[in-house]
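What follows is a set of notes on a single structure, which appears directly below.
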Amino acid sequence: MSRSLGSHAFCLAVGVSLLALPGALLAQPAPTGRNVPGLISGRIDETRLHAIAGNTRPEANPQNDRGLVPEDIPMDHVLLQLQRSAPQEQAVQQFIESLQDTASPNFHKWLTAAEFGERFGAAQSDLDAISAWLQSHGLTVNSVYPNGMLIDFSGTAGQIRAAFHTEIHYLQVNGQTHLANMSDPRIPEALAPVVAGVVALHDFRPRPMSKPRPDYTFVSGKDTYQAVVPADLATIYNLNPLFTAGIAGQGQTIVVVEDTDLYSATDWTTFRSEFGLSSYTTGSLATVHPAPPSGKNNCTDPGVPSGGDDGEAILDAEWASAAAPGAAIQVASCRNTSTTFGGLIAIQNLLNSANPPAIVSMSYGECEAENGAAANAAYNTAFQQAAGEGVSVFVSAGDEGAASCDAGASGATHGIGVSGFASTPYNVAVGGTDFGDSYAGSNSTYWNSTNTSTYGSAKSYIPEIPWNDSCASVLLATYLGNSTTYGAMGFCNSTTAISDGLQAVAAGSGGPSGCATGAPSTPGVVGGSCKGYAKPSWQLKLAKLNLAPNDGVRDIPDVSLFAANGIWGHYYVFCWSDLRQGGARCSGSPSGWSGAGGTSFSSPILAGIQALVNQHAKNRQGNPNTVYYQLAATPSAVCNSSAANATGCIFYNVTEGDNDVNCGGSVDCYGSTTSTTGGRHPTTTQNLDGALSTSNASYSPAYGAAAGWNFATGIGSVNAYNLVMGW
């Protein structure tokens, strides 16, 4: 769409054996019939404790501490994440690989949650012992999940302190009051082989991955905005031939996971009507609050809380529908409890239900080093189960370049880090691109000067570059007259960069997994005992062909789609009428509607494309990465993005530009100078005029686009028709 713009505590007696406590203590029966050996042996001795490292928020420090919370403050629906023995974990990984091996008798033989628990969950004796231990501290066991890897419990701050030997304090952070544990939880050593951690003992929430559209003066003063609407999406990513062939998501359901309801379901209807999608009569919208399979309900209607997350929910629903207009869109939302993100509750309940969805999209995230080892394990285990059930999970890679621990900051100070939601080996991490036409001066080649009746104006596929709003972008700096981004004379210290808000950690995210397990020695900075996830086999195959880094760890993103918010004149339009929280009236020309970008858009769109794959394949597909990477290893399936009209491409490999961001301090930063304080946490930098780099000694930007897989955009973007037909 084209338009012109102007310028209480219960203490356990020492040494009591809980293994002999009666089963009647259990609030809910755990799944039965497990034949795995138990890992808990001997007495559960409260004098012999094991610290669960990596489970304290970086904000839990003396500067923010405002003292103990009351002993009787409730802490509802805390999740105890369990873990397997090493041989058991290897067995589940091998099984999941066999599900995608066409030569295996297990190929696409998906399991139910109960079957998954029977084969790969904790032993019944261990579940009984842990549940009894929790209850001995006065805690209520609400449910034991069928997967045998998760226990939902509730209690008070005093009971938590007695059981887990950590105090819950109030914190004051950026003018807001939070509560959090002040040290890593400690549990009896006997439980350590089975317990991975507690999710969570704080109320810090993950971030939605969307960016509102600013008014960039250097663009609006010179060029025309081409806002992206569904018709443009269908043209650019070649969805139209699929729609013409009757492949528009009919019979498919796409679940978008949220912690809020929609402000108005009418917004979705208006979006579809205005943009010509309502003719797909099978398309539908529903909001659900998925309950756990047994026990006390932990998923209540969240309503529409303040904070604007309902904007995230509606854009997810609308743009998933734009890619698959014949599909059923389901908004799965749960209220955040005093400790647990509602989105995580929703995912766990969905995956442990009798009928798990085939496609799930999540547009939230938190960097690995801040999310903590327990929460990282929770998402990894959940998405692993999803892969075993045939569920395709899409997660926004992030909107912070390679500096996910510096979300919302004016510059990176914590070095290279990625989202712990997106970095698991069992989900598709969806990155973000921009269009390269404005940089190349070729807008008229790719956009019509007038719109169709559904506001489309794109002519064809448009060459792509990484989405990057930061002054550390070489393309942006060069375009504005300074090819050097860092240092006192670099673009990031220029008047233009400062006045246009380009000192910003805002770009499509990508980088290596670095702190999926363990704990950093410096809060928010990869180091200490941190380790990344091992490189999945499907990604390793590409690395062995020298088409991806052979760095031994999981790298993201996997696939990218357009996600810009206007830096080069392009952004998404969506209908969000919640004026209280930043929305706009959905009346008149869509040019006056809400506009934004971020990988919050690219994830539900790719989930929509997967619905087309599933419809054509007539089956759920599990983790799509196994097929993506196999296709990407076929030379004829991958084209340079600059070959805009190459008809055989499945993926468009992005080779120009970067997702580098400006930085300060001494962690993964080249060219930074003077120091004081700044960033998301207490740091030592003032002028954020360096560039995030894999080296402090030389300029090695993190990261540049390149031939083959790259950290800026992964494999690249997709030609949807060729992807579906080539599956």
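The values are calculated or read from the model by the stated rules, or taken from the named source; none is laboratory data. In this text, all values refer to a predicted model and were calculated from it rather than measured experimentally. Virtual Cβ from ideal backbone geometry, glycine too; neighbours counted across all protein chains shown.
Taking the listed residues 444, 449, the one that is among the small types (Gly, Ala, Ser), out of contact with any helix residue (DSSP H, G or I) (no Cβ under 7 Å at 6 or more places or on another chain), assigned by TED's automatic domain parsing to the domain that holds residue 658 and assigned to a helix (DSSP H, G or I) is 444, with no other qualifying.
Condition check for residue 73 on (1) among the β-branched types (Val, Ile, Thr); (2) in contact with a helix residue (DSSP H, G or I) (Cβ under 6 Å, 6 or more places away or on another chain); (3) under 26 Å from residue 192 (Cβ atoms): one failure, at (3).
In segment 144-170, how many are touching a Pro at 6+ places or on another chain (Cβ under 9 Å) and assigned to a helix (DSSP H, G or I)? The number of residues fulfilling the criteria is 5.
The criterion of at least 2 residues that are among the β-branched types (Val, Ile, Thr) and out of contact with any Asp or Glu (no Cβ under 6 Å at 6 or more places or on another chain) is met by none of the strands (runs of 3 or more DSSP E) falling completely within segment 28-143. Taken together, the criteria exclude residue 425 from residues that are out of contact with any Lys or Arg (no Cβ under 7 Å at 6 or more places or on another chain) and assigned to a loop (DSSP other than H, G, I, E, B). Screening residue 106 on (1) more than 30 Å from residue 48 (Cα to Cα); (2) out of contact with any His (no Cβ under 9 Å at 6 or more places or on another chain); (3) buried (at least 17 other Cβ atoms within 10 Å of the Cβ) shows it passes everything except condition (3).
Being at pLDDT 95 or above, surrounded by fewer than 21 Cβ atoms within 10 Å (Cβ to Cβ) and touching a helix residue (DSSP H, G or I) at 6+ places or on another chain (Cβ under 8 Å): is that true of residue 133 here? No, not satisfied.
A quick yes/no check of all residues on (1) touching a helix residue (DSSP H, G or I) at 6+ places or on another chain (Cβ under 8 Å); (2) surrounded by 23 or more Cβ atoms within 10 Å (Cβ to Cβ); (3) among the aromatic types (Phe, Trp, Tyr); (4) in the same structural domain as residue 302 (by TED's automatic domain parsing):
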{"site": "244", "(1), (2), (3), (4)": "no, no, no, yes"}
{"site": "249", "(1), (2), (3), (4)": "yes, yes, no, yes"}
{"site": "254", "(1), (2), (3), (4)": "yes, yes, no, yes"}
{"site": "259", "(1), (2), (3), (4)": "yes, yes, no, yes"}
{"site": "263", "(1), (2), (3), (4)": "yes, no, yes, yes"}
{"site": "269", "(1), (2), (3), (4)": "no, no, no, yes"}
{"site": "273", "(1), (2), (3), (4)": "no, no, no, yes"}
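Scanning segment 551-572 for residues that are of a type in the set (A, V, I, L, M) and buried (at least 24 other Cβ atoms within 10 Å of the Cβ) yields 556, 559, 561, 563, 564, 567. Residue 231 fulfils the conditions (1) of a type in the set (A, V, I, L, M); (2) more than 14 Å from residue 320 (Cβ to Cβ); (3) surrounded by fewer than 19 Cβ atoms within 10 Å (Cβ to Cβ) except for a single criterion, (3).
Please verify whether residue 302 is assigned by TED's automatic domain parsing to the domain that holds residue 563, assigned to a loop (DSSP other than H, G, I, E, B) and crowded, with 24+ Cβ neighbours inside 10 Å, treating the condition exactly as stated. Judged against the criteria, residue 302 is not a match. When residue 553 is tested against (1) touching a Phe, Trp or Tyr at 6+ places or on another chain (Cβ under 8 Å); (2) of a type in the set (Val, Ile, Thr); (3) farther than 22 Å from residue 400 by Cα, just one condition goes unmet, and that condition is (3).
Might you check whether a residue that is modelled with pLDDT of 95 or more and either surrounded by fewer than 23 Cβ atoms within 10 Å (Cβ to Cβ) or of a type outside the set (Asp, Glu) (or both) occurs anywhere in segment 668-676? Yes, segment 668-676 has at least one match. Return yes when residue 611 is assigned by TED's automatic domain parsing to the domain that holds residue 544 and surrounded by fewer than 23 Cβ atoms within 10 Å (Cβ to Cβ) and no when it is not. Taking the combined requirement at face value, the residue does not satisfy it.
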